[in-house]
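Undergrad: My questions all concern the structure below.
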2 protein chains.
Amino acid sequence: MVDIHALAETRLRADGQRYTRNRRTIVEALDRAGGPLSLPQLLHRHRQLAQSSAYRNLAILEAAGVVHRIVTNDGFARFELAQALTEHHHHHRICSTCGSVEDFTLPAALEDSLEKALRRVATKSDFQVASHQLDLIGVCPGCS
Amino acid sequence: MVDIHALAETRLRADGQRYTRNRRTIVEALDRAGGPLSLPQLLHRHRQLAQSSAYRNLAILEAAGVVHRIVTNDGFARFELAQALTEHHHHHRICSTCGSVEDFTLPAALEDSLEKALRRVATKSDFQVASHQLDLIGVCPGCS
DNA sequence: CTTGTAATGAGAACTACTCTCGTTTAGGTT
DNA sequence: AACCTAAACGAGAGTAGTTCTCATTACAAG
């Protein structure tokens, strides 16, 4: 169990940024949510956040490697804590009806061989891999 | 080797749509491109296409299962022929610098076990899987 | 306390995409 | 062929998620 806020502050500092109250609020909210949040969802949970500041801070947190942005085709971007902070590599189930995004994990053995295969694919094509992203597209229980 | 246009026409007809010249042009372009195209790229290749019609037809082709839409975080959606038409299951390498999207495939054995694992994950959570999507995020040779 | 710099937030601006609506085209019937 | 009806077209207006502007506020250092 790492101290998420300490790590967030470290990463922001390395980027020449401060760990302000608003940014702490956002990190806290994403940590508590237990899954990706859209901006409306984030603002609904914390009314004191201004929309423009929230967007700006999410961009800054993303650049610092604290937050990860997920784009789906329902128009709303989703935000979650970077996996390095949560120490929990996972993937996403995306509902094509309501747009909700939830986490899931693969068996460790499969994840390993997947990782290796992706590295092989990447080196063969001179592509510098930063990360991979595996999404399940379908219909969630609530929408079916 | 299937006839892509025949299949496209069948799928459109099943949706109560016609396979018009503009739609054929789009399918042709996506087939020739050998990879996903953004709308600007598509219009650049075929100047006679109107923007609004191209967007509308891409949406119709997507609804009919002829075209697949890929959203990235560079703002531009990409379009490619549905894998059922190309008979070629593949994944995407997305360059985080220039936004370009290219295809790649996994070893068949790995793809199989991945498929099985995803089905297991899905049934366990009452999620009705329509498809999966695996992306490599990183920097392409041209941008590094 | 003072001073410089970064962060804030209300609203304007941006832009990828969708919608509107008058015109054109195409498929079916006589 | 000529007609008719409905679909498709396309130029431009509209929408909406996101980003930018800039005046104000908060913070950190000396």
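Undergrad: Could you look through segment B:47-87, keep only residues that are of a type in the set (D, E, K, R) and away from chain A (no Cβ under 13 Å), and pick out the one that is farthest from DNA strand C (Cβ to nearest atom)?
TA: That would be B:Glu87.
Undergrad: What number of residues within segment A:97-129 satisfy the criterion of being within 9 Å of another protein chain (Cβ to nearest Cβ), modelled with pLDDT of 90 or more and touching a strand residue (DSSP E or B) at 6+ places or on another chain (Cβ under 6 Å)?
TA: 6
Undergrad: Looking only at segment A:9-25, decide whether some residue is touching a strand residue (DSSP E or B) at 6+ places or on another chain (Cβ under 7 Å) and within 16 Å of DNA strand C (Cβ to nearest atom).
TA: Checked segment A:9-25: no residue is touching a strand residue (DSSP E or B) at 6+ places or on another chain (Cβ under 7 Å) and within 16 Å of DNA strand C (Cβ to nearest atom).
Undergrad: Hey, among B:Ala29, B:Ala64, B:Ala54, which residue is under 21 Å from B:His132 (Cα atoms), hydrophobic (A, V, I, L, M, F, W, C) and not assigned by TED's automatic domain parsing to the domain that holds B:Leu134?
TA: Testing whether each residue is under 21 Å from B:His132 (Cα atoms), hydrophobic (A, V, I, L, M, F, W, C) and not assigned by TED's automatic domain parsing to the domain that holds B:Leu134 leaves just B:Ala64.
Undergrad: Of the residues B:Arg18, B:Arg47, B:Arg23, which is touching a helix residue (DSSP H, G or I) at 6+ places or on another chain (Cβ under 6 Å) and either at pLDDT 95 or above or under 27 Å from A:Ala122 (Cα atoms) (or both)?
TA: Answer to the selection: B:Arg23.
Undergrad: Look at segment A:15-66 and say how many of its residues are outside any helix (DSSP H, G or I), small (Gly, Ala, Ser) and within 21 Å of A:Ala84 (Cα to Cα).
TA: Total meeting the criteria: 6.
Undergrad: Determine if segment A:74-91 includes at least one residue that is polar (S, T, N, Q) and either within 15 Å of DNA strand D (Cβ to nearest atom) or part of a loop (DSSP other than H, G, I, E, B) (or both).
TA: no
The values are calculated or read from the model by the stated rules, or taken from the named source; none is laboratory data. On a predicted model such as this, the values are computed, not experimentally measured, just so you know. With ideal geometry, Cβ positions are generated from the backbone for all residues, glycine too; neighbour counts draw on all protein chains shown.
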